[in-house]
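Structure, as structure tokens:
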């Protein structure tokens, strides 16, 4: 247990503090975060039951206010009044950095509009943690949570597939197998990293080529952080299938799997795997 971690009695700035909390391992919290939480007049929690586990460990006794996506608009007036009274209020999510795919943006924007201090603290984030171990491009696009509607996912993946950067998104474990084929259709030729239970004792990392991604067989629980690699560009590839390649595809489309056809054409052609795959899908849909 961390004790006596308070800084000196130097007065801290009044306002709203965005305080990251551990994404799994409770040891992953900064001394400054503990100090700010202890000095807060109120702490806004996504789920007070979850936050109390952390707060009890570090003897944080500040008053708690439940603040989640279902009541953040209702709470807004009350919280703004408290902030205008020159109080110190911290905002935390269940895990990670608040305001990143978690409640907070409504309050933050209202504070900005009213010229109330908003002070960010650095700390835990599953996004940067996943990117750091991916081995993919450090240039990345963060999408957030995958939506429920298949058409929306297809449309967004079509746009994301054009980005030549790493792509990070969140998906619940019970949904990942339902979107595996959509991932394969959209990001063929790239690599994928799937992170589960990061920083916990049973953390798992699955690395695979997207086209080899099949139904996942590790324990599906909680939320997954997914990283798709940047596009692999081959200067020797041609963007066009020639007529002989197209004839072979048409002849083989009902005899071989699309994966086998892609490999067959790539042995004799300079066309990218993605272009071969897309042509196969087009022919398959027309038949």
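Each value in this text was obtained by applying a stated rule to the coordinates, not by laboratory testing. Everything quoted here is computed from the prediction, not taken from an experiment. Ideal geometry is used to build each Cβ from the backbone, glycine not excepted, and the neighbour counts take in all protein chains shown.
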Kirkwood hydrodynamic radius of the chain, from inverse mean 1/r over distinct Cα pairs, in Å: 21.8 Å
Footprinting exposure proxy for 270, 86 (fewest neighbouring C-beta atoms within 10 Å first): 86, 270
For segment 15-120, share of DSSP beta bridges that run antiparallel, in % to the nearest 5: 5 percent
Label point at residue 165 placed 7 Å out along Cα→Cβ; residues across segment 105-127 whose backbone nitrogen lies under 19 Å: 125-127
Cubic angstrom per residue, convex hull over Cα atoms of segment 15-120: 87 Å³
Cα-based equivalent ellipsoid of segment 81-121: semi-axis lengths in Å, sorted from largest, via gyration tensor: 19, 11, 8
Dimensionless Rg ratio for segment 53-209, taking C-alpha atoms and the 2.2 N^0.38 Å reference: 1.25
Equivalent-ellipsoid semi-axes of segment 243-286, from the Cα gyration tensor, Å, largest first: 14, 11, 10
At q = 0.14, 0.24 Å⁻¹, base-10 log of I(q)/I(0) for segment 126-228 (Debye sum, equal scatterers on each alpha carbon): -0.47, -1.59
FRET efficiency, residue 148 to residue 11 (Cβ-Cβ, R0 45 Å, nearest 0.05): 0.45
Spatial separation of Cα centroids for segment 67-111 and segment 180-200, in angstrom: 32 Å
Extension gain (nm, one decimal) between residue 63 and residue 77, 0.36 nm per residue minus Cα-Cα: 3.3 nm
Estimated FRET transfer efficiency (residue 285, residue 31; beta-carbon r; R0 45 Å; 0.05): 0.20
Residues residue 85 and residue 206, FRET efficiency given R0 of 35 Å [Cβ-Cβ distance, rounded to 0.05]: 0.10
